[in-house]
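The next block holds one structure in the form of structure tokens; read it before the comments.
The values are calculated or read from the model by the stated rules, or taken from the named source; none is laboratory data. These numbers were taken from a predicted model, which means no experiment stands behind them. Methodologically, a virtual Cβ is constructed for each residue, glycine included, from the backbone with ideal geometry; neighbour enumeration extends over all protein chains shown. When the accessible area is computed, the model is the full protein with side chains, heavy atoms only, and any ligands, DNA or RNA have been set aside. Shrake-Rupley method; radii C 1.70, N 1.55, O 1.52, S 1.80 Å.
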Amino acid sequence: MDNYNVKVREIIENWVETGNQLGVDAHTLLSAHLPNIYNFFQDENNSVISTYLLEVAYLDAYKMYSYKQKECLNSDGDEDIFGLLNDVGDLSDLVSLIYDEPIFFEKILYSCYEFSNLSYLGKSVIMKSLTPNENLYLSELFPVHNQDNCYNTLIGIDTIIKYISDKNEYQHTVMGIEFRGGIISNVLGYISNLMKFDYENAIYLLLEIGKIDYATSKYLFENINLEEDKNLFNDHVDLYENYNTADIIAKLLNDRDFLSDAIWNLADTYVYNEYANLEVTPELVKSTSADEISKKLVLSNI
């Protein structure tokens, strides 16, 4: 099914990208463009699309400012905008606000652009950060909010692998850099947020990462020559082979360095296919013992 929220966000993206091509940043462009945007909204021929755009901009702004508020990342100005967002009771209130408070209007348009440019994992964590009451409030206020439930689904290992692969490709083809550590940091941060906002999904994902971490660690321990690396991989193998599922989850939950190493193993196996010039692939790391650990690392064993 088409997500019309995405299509509406593309309108604002096009406004901003036009300015970027001229060397104008998004905030400056939107502020300067406000008179034209007001004219767009006042044209009766645009009434349907302008209403939809305004609702989506409000929803995106609420999501972004709510997340900042919860994470203590908000400035005084952010808190003021979030307060105004919470005062909106219907579309009429919102329309009045955008004409009475041009700065507010520019801020919600920018939030729409900002949300639109987040990665899938970024959109996921923003959506998962909303409380049930917030989701109910937003969906009752503007039902188009439900279109974005596609970002609030179960995140599995395939999504993480795809994210690492896509981000790696983007770095190479668009940014012209290679920053694998930055990608791993993204995934680590996402999982940390998942622990707060969707604990059951976090546990499910950690168990999936653990299965791959064990198989890769076992393979690398048996095939790598560097003593320091052998010790690292041996520590990982020891955890999965000699501790119960609850202890393994606790380690992955509470030891960020250990989890970071596990995510590196995932990336090296499924995306980069090498470690220290040694070929690493899903086929190479498969073993009977890995299958046994996979049976151990299931939710029913907790």
Close pairs from segment 256-284: first farther than 20 Å from Asn234 by Cβ, partner part of a helix (DSSP H, G or I) and of a type in the set (Phe, Trp, Tyr), Cβ under 6 Å, at least 6 apart: none
Is it the case, given these coordinates, that Val56 is among the hydrophobic types (A, V, I, L, M, F, W, C), open to solvent by less than 50 Å² (accessible area, probe 1.4 Å), touching a Cys at 6+ places or on another chain (Cβ under 8 Å) and in contact (Cβ under 8 Å) with a residue 40 or more places away in the chain? yes
Among residues of segment 207-237, those that are open to solvent by less than 30 Å² (accessible area, probe 1.4 Å), over 23 Å from Ile191 (Cβ atoms) and either among the hydrophobic types (A, V, I, L, M, F, W, C) or not in a helix (DSSP H, G or I) (or both), counted: 1
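Just give me the residues in segment 285-302 being touching a residue at least 24 places away in the same chain (Cβ under 8 Å), of a type in the set (Gly, Ala, Ser) and more than 16 Å from Glu222 (Cβ to Cβ), in sequence order. Show your work before the answer.
Of the residues in segment 285-302, the ones touching a residue at least 24 places away in the same chain (Cβ under 8 Å) are 285-287, 289-290, 293-294, 296-299, 301-302.
So of that shortlist, the ones also of a type in the set (Gly, Ala, Ser) come out as 287, 289-290, 294.
Residue satisfying the conditions is Ser294 alone.
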For segment 11-36, give me the residue count where each residue is over 24 Å from the mean Cα position of the chain (by Cα), open to solvent by less than 30 Å² (accessible area, probe 1.4 Å), aliphatic (A, V, I, L, M) and farther than 15 Å from Pro102 by Cα. 0
In segment 135-147, is there at least one residue being among the β-branched types (Val, Ile, Thr) and under 19 Å from Leu188 (Cβ atoms)? no
First in segment 153-176 and in contact (Cβ under 8 Å) with a residue 40 or more places away in the chain and assigned to a helix (DSSP H, G or I), second anywhere and open to solvent by 30 Å² or more (accessible area, probe 1.4 Å) and aromatic (Phe, Trp, Tyr), Cβ under 7 Å, 6 or more apart: Ile161/Tyr270; Tyr163/Tyr120
